[in-house]
Amino acid sequence: MILRSIAVQGWRCFANPVSVEPFTEGLNVLHAPNATGKSTLFEAMRLGLLDAHGVSGREVENLRPWGRALAPTVTVEFSHGGTEYRVIKRFLDHPSAELERRENDSFVRVAESEAADEKIREILTRNPPGRGLSQPKNWGLAQVLWAPQGTLVLGKLSGDLVVDIRTALDAQVSGPGSGPLEERIEAAYLRFFTTGGRYIRGKDAPAVARLHESLPAAIEAQRAAEEQQRVFEDAARRVEDLRARRAQARRDAEGLTKSLREARALAEAYRGLVSDKAQRVDRVKATEAQHSEFKQRIETIKTATKELVDVRQAIAQLRSELPSWVREVEQQAIEAARTKTALEDVRKTRGANEAARQRAERAGRYLDELRRASGFDDRLRRIAEASETLAQYKLERSRLVAPDAKMLRAIRKAMKDHDDAQVRLEATLITLEIVPESTGALFVVDGEDPGERSLSAGVPAQVKGSPEVVVDLPGIARLRARGPAGSIAEIRIEREKAERKLKTLTEAFGTADLEALDALQDKATQLDERLSAAQTQIDTLVAGETVEQIETERATLAAVISGIVADYPDWHDAAPDAEALRALADADKRVFLAALDTAEAARDAAQSALNAASQQRGMVEMRIEEADRRERSLGAKLAELTNDGKSEGERANELKGISLAWEAARAGLEQITAKLGEFGDDPGIAVTTLEKQLQAADDTATKALEQEKSEEGRLMHAAAQGPYSALARAEEEVARLKREIASEELRLAAIRLLRTTVEESRNAALAAVAAPVEVAATRTLQRIAGNRLGRVQLGEAFEPTQMMPGSADVPVSIENMSGGEREQIYLATRLALADVLAKGERQLVVLDDVLVATDAGRLARVMRILEEAAQRLQVLILTCHPERYRGMDGAHFLDLERILSAS
Amino acid sequence: MLIVEIAEPGAAPVITPIRTSGLAWRVIEEELRQPGDLARLRERIEALENPETTLLDLRVEGLLSAQDRDELARIEEILASRFLFARIDATALRLSPSDDSWIAGLPAGALREAATKLRELADPAYAGLRQEGASPDVACRALLELYALASERGA
């Protein structure tokens, strides 16, 4: 598109009609001071070409000049494809649009209203705005070609421009005829997939989705058919099993019936033998009991008879032994009495032995008490001596008047106070010393000891006084000496007070000499220590008792000693030998104990013998008595056993008869038992078992028949459902679905692969053809800024994204460039893209007040590049600095300010 | 109609549906993409129940391989002999390519490059890098899809 002219009226600052023309096909510089309306003209051109005339909204309202009811109107003349057009658009009030085409030197209307909007827009873009004014994304080619005021930045291109650029870049990406086929490929892809590559869902989902949805149901139907078939086969198998079981049960029942008949006959015979055996057993038991009883009776008679004889012999024997035991008892009694008497005799010697022991103990105690009495005497003597010493010390101490330590400290302090007062008094007095050369006299007028004093030649004489000393030397002079005024009277009072106190303190001691007082105190201390020692000695001797208590104890002890001496008077003169007495007593005691043990042993032995003899005699007597009772009992028993009146021989014969009967009964029993043994177990048990087995076989047959009928019903029902054909159908359906799924998935994968492969091939071709744009932009940039910035790299939408400096290993973001460098990069990229887009036709490039950050040196190089670009493009520069562009060859300058003033 | 049979007291009834009369209208549209598709279609038609009372409208499109031409004839025979009425529209069928010469007829550029790439991927002996899912089978089928799209009417 080539711009020829722009005319506006009622548009922002242009209330009146203004027309700017003509624009050359090369370089055009529209210049005017700020706020004159350069950018407004550019805006009017954009809206006239790109926006619908019926657009409304606040943005459009703002086009109307302030305070005027004017409808913004723009007229743009341009050429496109070798044809001259004119578009006239009126906005807001009675909006309208007309497109005219120059035909035979005059413009003829081509389209109006929306048709005019649409036709004009097609020249620049196929991407109209939805609502409101168009945005850069709706500008189409103008996104690259037109740079609005101060906005040289080239963002990510959008809309159909990228496609246009790609289309324009090179036909090799998609050759002639590619478009429809690629569209069909895309349509085929979008029939099954979303743009994100997922399967389409919902009603338009691909068939494979429905097939996948159907497959579980088909598999479930197959499983159900398999289950149905399994049920049918199981039912058939069970019917066969039940038939076999019923036949077997029938055969078993027939066999059991025959066996039962035979078993019942055997059981009947068995029961007869058992009954006979029971009778025979009773008979054997009866004869056995009779035989046993009679035999027992005969044996009992024999035993009793023999026992009676034995008892009678024993009685006779015992009665013969009894007198000897009576004698033995009597002898043992005599011996026991003798040993008892001997024991008593020995025991009688215990008193003498005890008296000897007591004498020895009393002798020992007598000696002990004598020693204790002596100890008491010694202790009382030492207490008396210590008491006497203590009394002497106390007397001596009471006579001694000595200061204690506290008093001594008070005396020392009083002495010190007195000495201090004396020293201060000495210091206060004025001393006048006179050394006479010859003997004479002086007269103390004022001072200590006033009056006359004699003087000796060469002997110094001192006169003291306060506050002055006045001495007359008769015939010579009156000497007056003064010193500093002081309170000598107070000092004297203090000294006298100290003297009085000292006197009071020391008066009791008879001396004020400190050494004497110390000696007194030392002596008093020594006496106190002796007193304490004497008292301690007494305390130790009395050991917590009083002297009276000790003397009482001594008296008690003397009474004890007197008592012992009263019992043993000979000890008064000669003290006993306690040890000898004790040894003698111990020896007597040992003799006594030995004799006692011997006597007691003899007494015990005699007593034991007596007891044994007495016991033996009693036992013989008891055995005689017992034998008598036994004899009587046996006699009575024998009389009872023989009261049948039979003789022994008769009883033997009777026993023999009973034995024969018992033997006969046993033989009969053995015969029956042998017959029963031939049967083994009781045939009745077998009958019972067989009856149960027969019943069980009948039950089994009956139950099998019932189950067979039931299973036959199930089998018929299962067979009626046609399980084999149903399973075959289900398997065929599953197989068909799986085949179709595989087929459909193969087809979808193929379509996806086809689309992906075409896209990759196209991207690879595009990447190859986008490179020339980067090369062209880089070349232009290097002409402006040198090689330092490196190579321009474009993004997918042809926007410059980063630079690749030759010295760096990593790319540098455009954002990291300076402001001037960024606008130079964008200008170079725009020009490169404009060259691409202008291959078919010269296009209008608008630069509205750009390159504001570019220095003069680089701007001059930009001028040259723009001059070259103007050979291929129509370049329109809007600026308020026309002087910057004055040096450009062939530039056509349009002074807007002058145009306005002219209109 | 249903036949209900009860074998004996207490036995489960056996129900058998019996078709008595009526006509069925069926329309089958099938797109053929690979050899064997037509054989599967024939099996599907043969499996239709009660063909003697069925009116069938069969429409096929896509690629017809040389070996499937006999199947098409068999289908026509089945339609004519078994069904009450049937017709087949095979006008949209196109013959499958017999070789890869058609690729040269594609528009130059990305499409022809893509077809060449797919032909390489369709070769099991291809030693180059294969993207995920680009097995020889899938690549072969993708070539057929491309051929079908390129040979559609108006292409």
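The values are calculated or read from the model by the stated rules, or taken from the named source; none is laboratory data. Note that this is a predicted model, so its numbers are computed, not measured. Note that each Cβ is placed from the backbone with ideal geometry, even for glycine, and that neighbours are counted across all protein chains shown.
At a glance:
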{"read-out": "Residue within the stretch A:854-861 that is among the acidic types (Asp, Glu) and assigned to a strand (DSSP E or B) present", "value": "no"}
{"read-out": "Failed condition for A:Ala742, given (1) at pLDDT below 90; (2) loosely packed, with under 14 Cβ neighbours inside 10 Å; (3) away from every other protein chain (no Cβ under 14 Å)", "value": "(3)"}
{"read-out": "Single residue of the stretch A:720-733 satisfying the filter (surrounded by 15 or more Cβ atoms within 10 Å (Cβ to Cβ) and in a helix (DSSP H, G or I)) that is nearest to the other protein chains (Cβ to nearest Cβ)", "value": "A:Ala720"}
{"read-out": "Candidate set: the stretch B:133-145, residues that are assigned to a helix (DSSP H, G or I) and over 11 Å from B:Leu63 (Cα atoms); chosen: the one farthest from the other protein chains (Cβ to nearest Cβ)", "value": "B:Pro136"}
{"read-out": "Residue list for the stretch B:100-132, filter: under 23 Å from B:Glu31 (Cβ atoms) and more than 14 Å from chain A (Cβ to nearest Cβ)", "value": "B:Asp100"}
{"read-out": "Neighbours by Cβ (under 7 Å, 6+ apart or cross-chain): first from the stretch A:640-652, within 13 Å of A:Ala304 (Cβ to Cβ); second of a type outside the set (S, T, N, Q)", "value": "A:Leu641/A:Arg297; A:Leu641/A:Ile301; A:Leu641/A:Ala304; A:Thr642/A:Ile301"}
{"read-out": "Of the criteria (1) at pLDDT below 90; (2) surrounded by 14 or more Cβ atoms within 10 Å (Cβ to Cβ), which one A:Arg362 fails", "value": "(1)"}
{"read-out": "Criterion (within 10 Å of another protein chain (Cβ to nearest Cβ) and out of contact with any strand residue (DSSP E or B) (no Cβ under 6 Å at 6 or more places or on another chain)) met by exactly one of B:Ala80, B:Ala12, B:Ala73", "value": "B:Ala12"}
{"read-out": "Count of the stretch B:146-155 residues which are facing chain A (nearest Cβ under 7 Å), hydrophobic (A, V, I, L, M, F, W, C) and under 22 Å from the mean Cα position of the chain (by Cα)", "value": "3"}
{"read-out": "Of the criteria (1) surrounded by 15 or more Cβ atoms within 10 Å (Cβ to Cβ); (2) within 14 Å of another protein chain (Cβ to nearest Cβ); (3) within 30 Å of B:Ile45 (Cα to Cα), which one A:Arg714 fails", "value": "(3)"}
{"read-out": "Residue in the stretch A:626-633 that is farther than 15 Å from A:Leu318 by Cα, assigned to a helix (DSSP H, G or I) and at pLDDT 90 or above present", "value": "yes"}
{"read-out": "Residue in the stretch B:45-65 that is among the hydrophobic types (A, V, I, L, M, F, W, C), under 30 Å from B:Arg141 (Cα atoms) and either within 11 Å of chain A (Cβ to nearest Cβ) or assigned to a helix (DSSP H, G or I) (or both) present", "value": "yes"}
{"read-out": "Of all residues making up the stretch B:15-38, the number that are within 11 Å of chain A (Cβ to nearest Cβ) and of a type in the set (A, V, I, L, M, F, W, C)", "value": "2"}
{"read-out": "Criterion: loosely packed, with under 15 Cβ neighbours inside 10 Å and in contact (Cβ under 8 Å) with a residue 60 or more places away in the chain - qualifying residue of A:Lys302, A:Lys258, A:Lys295", "value": "A:Lys295"}
{"read-out": "Lone unmet requirement of (1) at positive phi; (2) buried (at least 16 other Cβ atoms within 10 Å of the Cβ); (3) modelled with pLDDT of 85 or more for A:Leu851", "value": "(3)"}
{"read-out": "Odd one out for A:Arg184, checked against (1) modelled with pLDDT under 65; (2) at the interface with another protein chain (Cβ under 9 Å from one of its Cβ atoms)", "value": "(1)"}
{"read-out": "Unique residue being within 27 Å of A:Gln392 (Cα to Cα) and either in a helix (DSSP H, G or I) or touching a helix residue (DSSP H, G or I) at 6+ places or on another chain (Cβ under 8 Å) (or both) when the list is A:Ala585, A:Ala533, A:Ala558", "value": "A:Ala533"}
{"read-out": "Some residue of the stretch B:52-59 being loosely packed, with under 13 Cβ neighbours inside 10 Å and farther than 23 Å from B:Ser151 by Cβ", "value": "yes"}
{"read-out": "Meets criteria (small (Gly, Ala, Ser), within 14 Å of chain B (Cβ to nearest Cβ), farther than 30 Å from A:Ala247 by Cα and in contact with a Gly (Cβ under 6 Å, 6 or more places away or on another chain)) for A:Ala749", "value": "yes"}
{"read-out": "In the stretch A:369-381, residue farthest from the chain's Cα centre (by Cα) [restricted to those that are surrounded by 14 or more Cβ atoms within 10 Å (Cβ to Cβ) and not small (Gly, Ala, Ser)]", "value": "A:Leu370"}
{"read-out": "Some residue of the stretch A:420-428 being touching a Leu at 6+ places or on another chain (Cβ under 9 Å), surrounded by 14 or more Cβ atoms within 10 Å (Cβ to Cβ) and under 23 Å from A:Ile488 (Cα atoms)", "value": "no"}
{"read-out": "Meets criteria (among the small types (Gly, Ala, Ser) and touching a helix residue (DSSP H, G or I) at 6+ places or on another chain (Cβ under 6 Å)) for A:Ala71", "value": "no"}
{"read-out": "A:Ala771, sole failed condition from (1) in contact with a helix residue (DSSP H, G or I) (Cβ under 8 Å, 6 or more places away or on another chain); (2) without any contact (Cβ under 8 Å) to a residue 24 or more places away in the chain; (3) more than 9 Å from chain B (Cβ to nearest Cβ)", "value": "(1)"}
{"read-out": "Hey, A:Leu390 within 30 Å of A:Thr525 (Cα to Cα), of a type in the set (A, V, I, L, M, F, W, C), surrounded by 17 or more Cβ atoms within 10 Å (Cβ to Cβ) and over 60 Å from the mean Cα position of the chain (by Cα) or not", "value": "yes"}
{"read-out": "Residue in the stretch A:193-211 that is nearest to the other protein chains (Cβ to nearest Cβ), counting only those that are in a helix (DSSP H, G or I) and out of contact with any strand residue (DSSP E or B) (no Cβ under 7 Å at 6 or more places or on another chain)", "value": "A:Ala207"}
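The rows are residues; the columns are (1) exposed (fewer than 13 other Cβ atoms within 10 Å of the Cβ); (2) in contact with a Phe, Trp or Tyr (Cβ under 9 Å, 6 or more places away or on another chain); (3) part of a loop (DSSP other than H, G, I, E, B); (4) among the β-branched types (Val, Ile, Thr).
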residue	(1), (2), (3), (4)
A:Leu655	no, yes, no, no
A:Leu660	yes, no, no, no
A:Ala665	no, no, no, no
A:Leu669	no, no, no, no
A:Thr673	no, no, no, yes
A:Glu678	yes, no, no, no
A:Ile685	yes, no, no, yes
A:Leu690	no, no, no, no
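Conditions tested, residue by residue: (1) crowded, with 20+ Cβ neighbours inside 10 Å; (2) not aromatic (Phe, Trp, Tyr).
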site: B:Ala86; (1), (2): yes, yes
site: B:Thr91; (1), (2): no, yes
site: B:Ser96; (1), (2): yes, yes
site: B:Trp102; (1), (2): no, no
site: B:Leu111; (1), (2): yes, yes
site: B:Glu132; (1), (2): no, yes
site: B:Val138; (1), (2): yes, yes
site: B:Leu144; (1), (2): yes, yes
